[in-house]
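Undergrad: Below is the structure I would like to discuss, written out as structure tokens.
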Amino acid sequence: MKEDRKTIGFIVIIAVICTCAIVAVMYMYPFGAPEEKINWNLTLIGTAEKVVTFDELKAKPSYEGYGGFFSTVGMINGPFKCKGVPVEDLCALVGGINDSNTLGVSAPDGYMMVFTYDQVKGDFVTYEPETLKEMPHSPLKMVLAYEQDGAPLAEDDGRPLRLAIVSEDKLLTEGHYWIKWVDKIAIRAIKNQNKT
């Protein structure tokens, strides 16, 4: 009987300590634990060159829309609700982009895609998520996303920055456009192919 009382007393003490610890954490962080500091730089190259930190990027006006993608073997991802900075706005920080330019977007793992001016403006073929049939769409926006479905990107999804093609519609685009871990965006002049 004495041992039972000791055990109950011990359990009560542990419960009180745990409760106090939880209350202390909630008092220190009333809205949850502080966000993890992300140390990531994005290099923008145009007529000028600029390095933007992750925090500076998040402070810029954002755009939210839906988008997802499918792989070459037809694996569907999304659509997700993505939040990020429009790529056109980032281009404007280093002189802007026009129809005599292409846009190179790259990541530290060596992956790179080159986009036309029309693609930067939203010219992509879009697909219906259930059937993968081509579908019409409302205007598309190319964004450098840092949130997916209301949370920071997961590492496997390209944390902290991923290129995304989004719209008001729930749609898909081809997966090779959705570049993970973006750290460089470079505006380049189209070389004249007609030499005389």
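Any read-out appearing in this document is the output of simple, stated calculations on the displayed coordinates, not a laboratory observation. Only a predicted model underlies this, so the values are computations on that prediction, with no experimental measurement involved. Because the Cβ atoms are built from the backbone with ideal geometry, glycine has one as well, and the counts that use them run over all protein chains shown.
Undergrad: Find which of Met113, Leu140, Trp181 sits farthest along the positive direction of the dipole of the stretch 109-194, computed with +1 on the beta-carbon of Lys and Arg, -1 on that of Asp and Glu, about the Cα centre.
TA: Positive-end residue among those listed: Met113.
Undergrad: Oh, and also: For the stretch 153-166, in order, what is each residue's ³J(HN,Hα) by Karplus, 6.51 cos²θ - 1.76 cosθ + 1.60 with θ = phi - 60°, in whole Hz (x at glycine and Pro)?
TA: 4, 7, 4, 5, 8, x, 3, x, 10, 9, 6, 9, 10, 10
Undergrad: Give me the number: length gained by fully extending Ile38 to Lys170, i.e. 0.36 nm times residue separation minus the C-alpha to C-alpha distance, one decimal in nm.
TA: Fully extending the segment from Ile38 to Lys170 adds 44.6 nm.
Undergrad: Moving to a separate point now. Mind checking the dipole of the stretch 41-189: about its Cα centre, +1 per Lys or Arg Cβ, -1 per Asp or Glu Cβ, Debye to the nearest 20?
TA: So the dipole magnitude of the stretch 41-189 works out to roughly 260 debye.
Undergrad: Classify the stretch 131-189 as rounded, prolate or oblate from the Cα gyration tensor: take a ≥ b ≥ c as the square roots of its eigenvalues, call it rounded if a/c is under 1.5, otherwise prolate when a/b beats b/c and oblate if not.
TA: The shape class here is oblate.
Undergrad: Among residues other than Asp89 whose Cβ falls under 11 Å from its Cβ, what is the net charge (Lys/Arg +1, Asp/Glu -1)?
TA: With Lys, Arg at +1 and Asp, Glu at -1, the net is +1.
Undergrad: Okay, moving on. My understanding is that a pair violates if its Cα-Cα distance is over 19 Å; which of Lys58/Lys81; Lys81/Lys184; Lys50/Lys141 do that in this structure?
TA: Lys81/Lys184; Lys50/Lys141
Undergrad: Please list 3J(HN,Hα) in residue order for the stretch 61-69, calculated via the Karplus relation 6.51 cos²θ - 1.76 cosθ + 1.60 where θ = phi - 60°; whole Hz, with x for glycine and proline.
TA: Coupling constants for the stretch 61-69: x, 10, 9, 10, x, 9, x, x, 8 Hz.
Undergrad: What share of Cα pairs, in percent, lie more than 15 angstrom apart in the stretch 113-153?
TA: 58
Undergrad: Right, here's the next one. Going by C-beta contacts inside 10 Å, put Thr126, Thr43 in order with the fewest on the left.
TA: Listed from fewest to most nearby Cβ atoms, that is Thr43, Thr126.
Undergrad: Tell me, what HN-Hα J-couplings in whole Hz come from the Karplus equation 6.51 cos²θ - 1.76 cosθ + 1.60 at θ = phi - 60° for each residue of the stretch 173-180, using x for Gly and Pro?
TA: 10, 5, x, 5, 6, 7, 6, 8
Undergrad: Among Lys83, Lys37, which comes first, second and so on when ranked by fewest other beta-carbon atoms within 10 Å?
TA: Least to most surrounded, the residues fall as Lys37, Lys83.
Undergrad: Here is a follow-up. With Cβ to Cβ distances under 10 Å as the rule, what net charge do the other residues near Leu103 carry (K, R +1; D, E -1)?
TA: 0
Undergrad: Running Debye on the stretch 63-196 with equal point scatterers at the Cα sites and no solvent, what base-10 log of I(q)/I(0) appears at q = 0.12, 0.13, 0.18 Å⁻¹?
TA: -0.45, -0.52, -0.98
Undergrad: Which far-off residues, 5 or more places away or on another chain, put their amide H under 5 Å from the one on Met135, with H placed in the peptide plane?
TA: Residues meeting the criterion, in which the H sits 1.01 Å from N, are Thr126, Tyr127, Glu128.
Undergrad: Only counting other Cβ atoms within 10 Å, I'd like His137, His176 sorted with the fewest neighbours first.
TA: Result, fewest neighbours first: His176, His137.
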